[in-house]
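Below is one structure, written out as structure tokens; comments come after it.
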Amino acid sequence: MNESPPEHTQIVVIGGGIMGCSTAYHLTKNGCRDVILLERAKLTSGTTWHSAAQVRQLRSTESLTRLVQHSVELYSSLEAETGQATGWKQTGSLSIATNPDRLTHIRRQASLSRAFGIGAEEIPVAEASGKWPLMRSNDVIGAVHSPSDGRVSPSDICAALVKGATSRGLRVFEDTPVTGIRTQNGRVAAVQTAQGEITCESIINCAGLWGHRIAGMAGVAAPLHACEHFYLLTEPLDSITEPLPTLSDHDGHLYLRDEGGGLLVGCFEPKGKPLDLDQLPEDFAFGLLPEDWEHLEPILANALHRVPELEQIGMKMLLNGPESFTPDDRFLLGESPELRGFFLGCGMCSVGIATGGGAGRVLAEWVLSGEPSMDLWPVDVRRFALAQNTLRTLRERAPETLALHYAVGFPGRQHQTARNLRLSPLHSRLEAAGAEFGVRMGWERPRWFNPEKRPTAPKLSFGKPGWDTLHAEEHRAAREAVVLFDQSTFGKLLVQGRDAESVLQWLCANDVSKAQHRVVYTGMLNQRGGYESDLTLMRLDSESFLLITGTGQPVRDQDWIRRNLHADEHVTVADITSAYAVISIAGPNSRELLNRVSPDDFSNAGFPYYTHRRVEVGPALVRAARLSYVGELGWELTIPSESAVPVFDDLCEAGGGLGLKLAGTEALSSLRIEKGYRAWDHEIGPDDTPLQAGLEFAVCFNKSASFLGKKTLLRQQTEGVSRRLVQFTLADSNAHPHSGEPIWWQDTLVGRTTSGAFGHTLGCAIALGYIRIAEQGLDAMLSTGGFEIEIACQRFPAQATLEAAYDSENLKPRM
Ligand SMILES: Cc1cc2nc3c(=O)[nH]c(=O)nc-3n(C[C@H](O)[C@H](O)[C@H](O)COP(=O)(O)OP(=O)(O)OC[C@H]3O[C@@H](n4cnc5c(N)ncnc54)[C@H](O)[C@@H]3O)c2cc1C
């Protein structure tokens with residue numbers, strides 16, 4: 001490790017914590033020999049060395065859970081491969097609840113763990129006490145035990161990973177800080193160090209809480225910020241004679257386990273402490289932050305309550321270490337959309353040890369093959385907008401991220417900090433109309449409207465929330481009268497150039513050549529036939545296409561199109577999201593509403609379903625597309641931003657006698673689930689194909705040009721699919737599906753839900769979800785019935801259908 005760094009290498013990994021070591025290990029495991037790791041100080045000297053190093057497998061999504069499952073496999077087998085012990089101990093974990101919402105939360109987790117194959121089970125409180133005899137349990141109302149969780153020694157894991165990797169060619173350079181990054185023609189070119197410049201093809205930023213600074217050297221975003229993070233170590237206790245499962249008392253913001261014969265008491269306090277990077281000395285290595293007993297006082301009181309014996313034992317130390325947090329408590333993975341060859345594996349949000357093994361593996365695959373091997377959207381760096389990367393925003397959000405780590409996982413919870421970053425041109429109007437805002441990709445979006453300020457508590461609930469009546473009124477107005485949604489936050493991409501049509505024909509599964517007056521609904525698919533995005537597309541002229549995509553998707557979509565362009569193709573892709581507002585009008589009275597504000601023809605013959613054209617609305621010229629996402633007659637109006645307010649005002653004025661209501665995303669969601677419309681990140685993502693999602697109608701197999709993913713789809717057409725999306729209705733009024741609930745068929749676990757809501761038109765709970773097709777075949781499964789959806793460990797009978805239970809006009813965007 002003493003030689004000088006080379007002048008050139010294929011891949012440079014920056015940072016020698018768990019992420020850098022794991023990524024380097026997997027790069028070499030995949031056959032890459034030309035890789036170096038540069039560490040500012042010594043390996044593990046950042047956050048990794050002092051980690052509490054719990055490995056809990058259950059995460060909020062299947063792909064994140066699979067990453068931790070891979071970590072467990074790796075950590076339990078590395079010693080055999082490298083001869084270096086890793087300290088892996090399978091001690092299990094125990095979650096307790098002291099209030100009904102937490103009980104629902106941990107039961108939902110137990111259900112989710114069944115769906116993910118982890119096998120956590122609810123156990124009686126007395127049994128939980130047996131597993132954790134030091135615990136006060138008279139206020140505990142429920143417990144879930146997860147036997148396969150464990151813990152490791154973080155430094156030993158890194159030593160083993162580096163030993164494995166160096167045996168296959170990795171070279172490690174400690175005491176070698178990266179001081180700069182040189183780029184050329186939109187690609188990384190070299191990293192700079194005091195020992196000189198190293199030219200390279202790829203750089204992987206695994207610099208932990210320094211990740212934002214390293215990204216800054218390359219001129220790109222890495223939205224993360226450091227916080228102080230605490231745990232306490234006690235003197236030994238005689239009563240601890242064997243390893244204890246990690247005890248999660250999240251109502252008390254605590255986790256506890258044995259350590260060195262005493263206890264380790266860690267926390268995610270209700271308000272974290274942000275840490276500015278310039279507070280750390282340049283030579284910060286194996287360093288800690290000052291103790292802060294005052295900050296921890298309320299948590300200590302909770303700990304003393306949970307483990308009364310703590311009163312009797314001395315405290316060895318209060319450890320305060322820095323850790324990085326992102327705006328949504330999920331780490332950053334993947335290639336930056338701003339710079340080719342620059343990858344991120346940082347901002348680990350206090351799950352770096354648990355996830356590092358798996359995250360390093362998929363990141364290495366991503367670097368080597370150019371794309372991820374599975375759906376990694378929850379951690380994909382492209383989920384953030386640039387507006388979310390300012391230091392002020394990150395500093396404000398990070399403490400809330402830390403605090404929410406242990407919050408009850410209510411559906412629809414919204415962040416309170418770093419709000420109002422991106423506002424629709426209609427924002428003030430919507431606010432004045434009583435909008436309750438939620439946030440997506442930094443945008444404020446109305447969730448529902450409460451013009452009369454009716455009481456809406458509780459806003460958060462696993463069952464019916466206090467705003468359910470307001471939601472129901474908006475839902476019904478869409479079915480019975482007319483509603484207006486502000487959808488200005490939709491991503492809008494302008495794809496232009498001589499080769500625009502041929503490029504889009506290759507990237508889109510539907511036939512874009514027909515888009516002159518027709519709206520084309522299409523997926524952009526990957527090689528595996530999975531969705532990289534779904535969007536609608538309108539041709540503006542022979543060389544220009546307007547792509548309308550979801551609020552969270554424009555960065556990803558733009559990146560996907562750009563990375564698939566060949567050097568000789570003449571195409572530009574511009575994100576024009578902010579230049580246009582979108583107002584959607586939906587419901588049986590929507591035609592009449594438009595007739596009142598426009599001289600144009602909105603009749604069925606004059607403006608057929610799934611067509612688009614320029615029309616006058618109020619004082620403005622707008623592009624109208626006849627479609628709706630709620631399964632009713634409707635139009636989406638794409639309006640120059642500067643005209644959004646006058647158009648909105650005219651529509652509102654004209655809508656008075658027609659029962660016009662403003663509606664928010666909650667109604668949009670329940671309406672679309674009733675109608676069976678799929679949503680990105682729910683029903684469709686990189687691992688779901690149109691055939692599995694039941695969207696074959698939006699694939700044009702016989703268009704003249706071929707398209708990406710076609711081969712896979714043709715194979716699936718011949719062989720049939722092994723899983724299929726279906727819709728469920730649940731008659732039981734106590735059933736409240738949200739998503740992620742296990743689906744049972746004839747007592748066999750066959751899948752899990754992807755979306756859920758209350759269908760106010762159908763008058764029952766509704767859900768969408770994928771099921772594995774049993775030997776008997778899909779038709780037999782559906783006709784036999786016997787489906788159940790497990791919500792918080794309770795199974796509810798469900799009726800499954802392929803077609804939507806609500807289908808007023810059989811509206812399908814066929815081409
Ligand atoms: C108190 C505490 C308890 C925790 N408990 C758990 C737990 O129970 N389970 C769990 O999974 N996670 C836990 N974590 C989180 C976990 O430890 C981290 O997520 C993980 O260690 C982060 O690893 P990393 O590789 O991303 O960052 P780091 O370990 O910080 O590594 C980044 C490296 O980059 C180097 N670097 C920085 N700048 C440069 C530069 N310019 N040039 C070269 N190198 C550079 C740094 O020196 C550092 O070594 C805990 C964290 C804390 C603070």
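The values are calculated or read from the model by the stated rules, or taken from the named source; none is laboratory data. Values in this document were obtained by computation on a predicted structure and should not be read as measured data. Neighbour counts are summed over all protein chains in view; Cβ atoms, including those assigned to glycine, are modelled from backbone coordinates with ideal geometry. For the accessible areas, the whole protein counts, side chains as well, though only heavy atoms, and no ligand, DNA or RNA atoms are used. Shrake-Rupley method; radii C 1.70, N 1.55, O 1.52, S 1.80 Å.
Observations
- Contour excess over end-to-end distance, with Cα ends at ASP807 and LYS316 and 0.36 nm allotted per residue: 170.2 nm
- Accessible area of region 689-797 belonging to carbon and sulfur atoms, whole % at 1.4 Å probe: 46
- Within the accessible area of region 200-277 (1.4 Å probe), percent carbon and sulfur: 52
- For region 507-586 versus region 143-203, the gap between their alpha-carbon centres in whole angstrom: 36
- Å² of accessible area per residue within the chain, as computed with a 1.4 Å probe and no ligands counted: 37
- Mean projection area, nm², convex hull over Cα of region 371-411: 4.4
- Under Stokes-Einstein, with the Kirkwood radius over Cα pairs as Rh, the value for region 515-559 at 10 °C and 1.306 mPa s is 141 µm²/s.
- Taking the Cα centre of region 137-191 as origin and assigning +1 to Lys and Arg Cβ atoms and -1 to Asp and Glu Cβ atoms, the resulting dipole is close to 500 debye.
- Within a straight-line Cα-Cα reach of under 24 Å, LYS710 can be paired with the following lysines, leaving aside sequence neighbours fewer than 8 residues apart in one chain: LYS514, LYS812.
- In this structure, the amide hydrogen of LYS316, modeled 1.01 Å from its nitrogen in the peptide plane, lies closer than 5 angstrom to those of LEU233, THR234, GLU235, counting only residues at least 5 positions away or on a different chain.
- Its DSSP H runs of at least 4 residues, each contributing -39,500 (n - 2.57), put the calculated 222 nm mean residue ellipticity of the chain at -7500 deg cm²/dmol, to the nearest 500.
- Principal-axis tilt of helix 710-719 within the chain, Cα atoms, nearest 10 degrees: 90
- Alpha-carbon centroid distance for the pair region 87-142 / region 630-667, whole angstrom: 48
- Binned Cα-Cα distance frequencies in region 699-798 - 10 Å width, integer %: 15, 39, 25, 16, 4, 0
- Stokes-Einstein translational diffusion, region 274-321 - Kirkwood Rh over all Cα pairs, 1.306 mPa s, 10 °C, in µm²/s: 122
- Mean separation of Cα contacts under 8 Å, 6 or more apart, over the residue count of the chain: relative contact order %: 12
- Taking all pairs of distinct alpha-carbon atoms in region 570-674, Kirkwood radius in angstrom: 14.4
- A Förster radius of 25 Å combined with the Cβ-Cβ distance from ALA194 to GLU3 puts the calculated FRET efficiency at roughly 0.95.
- Bins of 10 Å from zero: percent of alpha-carbon pairs in region 395-468: 17, 43, 34, 5
- All Cα-Cα separations within region 179-333 were binned at 10 Å from zero, giving a P(r) of 9, 30, 27, 17, 12, 4, 0, each value a whole percent of the pairs.
- Over all pairs of different C-alpha atoms in region 412-513, the reciprocal of the mean inverse distance, the Kirkwood hydrodynamic radius, equals 16.6 Å.
- Placing R0 at 22 angstrom, the Cβ-Cβ distance between HIS517 and LEU621 gives a FRET efficiency of 0.85 after rounding to 0.05.
- P(r) tail fraction, region 294-423 - alpha-carbon pairs more than 23 Å apart, %: 48
- For the chain, the direction-averaged projected area of the alpha-carbon convex hull comes to 34.1 nm².
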